[in-house]
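What follows is a set of notes on a single structure, which appears directly below.
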Amino acid sequence: MEKWELDFNWLKIQHFIKDTMKVEEMPNLETILFLLGLQELGIIVTQMSKERKVEVTTLGMCLILSQDGYFVKDGYDDEGWPVWKELKPFTPENDIEEDKTLKELTIRYFEDKYDL
């Protein structure tokens, strides 16, 4: 995906979430991964620790990366949390490449799931 396409499609996803959530600020990648993690978890939480927020964001990341075969859902733990099994390591060359890959996969997820 060319840079202009990535930027355009990413902005479209940000606006979709901003409008859906009825918030004033544009969500960043971490916020979107967190929201996807909450959706994957299937619960509504009003307060959580910083560690729990990281775990929820990780769930969102696993969901997104599963599209390219990095992870597969492997059931649920005793607390009802999804368990993801790593199939291959996600090792981007740098932070820029990681950000680009996660954004592209997030765009694909929203295009497939919400027909954006």
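The values are calculated or read from the model by the stated rules, or taken from the named source; none is laboratory data. Computed from a predicted structure; not experimentally measured. Backbone-built Cβ (ideal geometry, glycine too); neighbour counts: all protein chains shown.
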ask   = Can you find even one residue in region 27-41 that is modelled with pLDDT of 95 or more and either in contact with a Cys (Cβ under 6 Å, 6 or more places away or on another chain) or outside any helix (DSSP H, G or I) (or both)?
value = yes
ask   = Taking Glu51, is it within 14 Å of Gly80 (Cβ to Cβ), in a helix (DSSP H, G or I) and charged (D, E, K, R)?
value = no
message = For the list (1) in contact with an Asp or Glu (Cβ under 7 Å, 6 or more places away or on another chain); (2) under 26 Å from Phe8 (Cβ atoms); (3) part of a helix (DSSP H, G or I); (4) not basic (Lys, Arg), I need the number of the one condition that Pro92 fails.
response = (3)
key: From Gly37, Gly60, residue being among the small types (Gly, Ala, Ser), in contact with a Phe, Trp or Tyr (Cβ under 8 Å, 6 or more places away or on another chain) and surrounded by 12 or more Cβ atoms within 10 Å (Cβ to Cβ)   = Gly60
inquiry  = Here is a check on your reading of the model: is Phe110 part of a helix (DSSP H, G or I), in contact with a Ser or Thr (Cβ under 6 Å, 6 or more places away or on another chain), crowded, with 16+ Cβ neighbours inside 10 Å and of a type outside the set (Val, Ile, Thr)?
reply    = no
